[in-house]
Amino acid sequence: MKVIINGEQIELPRPMTIAEYVAELPADARHVAVARNGEVVPRHLWAQVTLQEGDVLEVVRMVGGGAGMPHCTSTRWGATSFWR
């Protein structure tokens, strides 16, 4: 099944939900946000949303930093490097 994740077309090894996909990422799911086809998917729905052929996902991880300054930046994964 082909999907686009962070701008890269990839072949998923099997049908999966957003929750299953995020569980495979090398990051704490609490710090991940997912948009599917331009719409942010609330975390409580991840287990109910099955990825479909042609879906476009943006997956970001929030990281904190700085000397006591409360700010975050987003980090995007290269999707194809994750699945190979």
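Scan segment 13-30 for residues that are farther than 14 Å from VAL3 by Cβ and in a loop (DSSP other than H, G, I, E, B) and the total you get is 4.
Here ARG61 fits the description: surrounded by 15 or more Cβ atoms within 10 Å (Cβ to Cβ) and modelled with pLDDT under 95. The residues in segment 31-60 that are aliphatic (A, V, I, L, M) and within 19 Å of LYS2 (Cα to Cα) can be counted, and the count is 7. Just checking, does segment 16-35 include any residue being more than 14 Å from the chain's Cα centre (by Cα) and at pLDDT below 95? Among the residues of segment 16-35, not one is more than 14 Å from the chain's Cα centre (by Cα) and at pLDDT below 95, which makes the answer no. Does segment 44-57 contain any residue that is in contact with a Ser or Thr (Cβ under 8 Å, 6 or more places away or on another chain), surrounded by 14 or more Cβ atoms within 10 Å (Cβ to Cβ) and part of a helix (DSSP H, G or I)? There is at least one residue in segment 44-57 that is in contact with a Ser or Thr (Cβ under 8 Å, 6 or more places away or on another chain), surrounded by 14 or more Cβ atoms within 10 Å (Cβ to Cβ) and part of a helix (DSSP H, G or I).
The values are calculated or read from the model by the stated rules, or taken from the named source; none is laboratory data. Keep in mind that this is a model prediction, so the values were computed, not measured. As a convention, Cβ positions derive from the backbone with ideal geometry for all residues, glycine included, and neighbour counts pool all protein chains shown.
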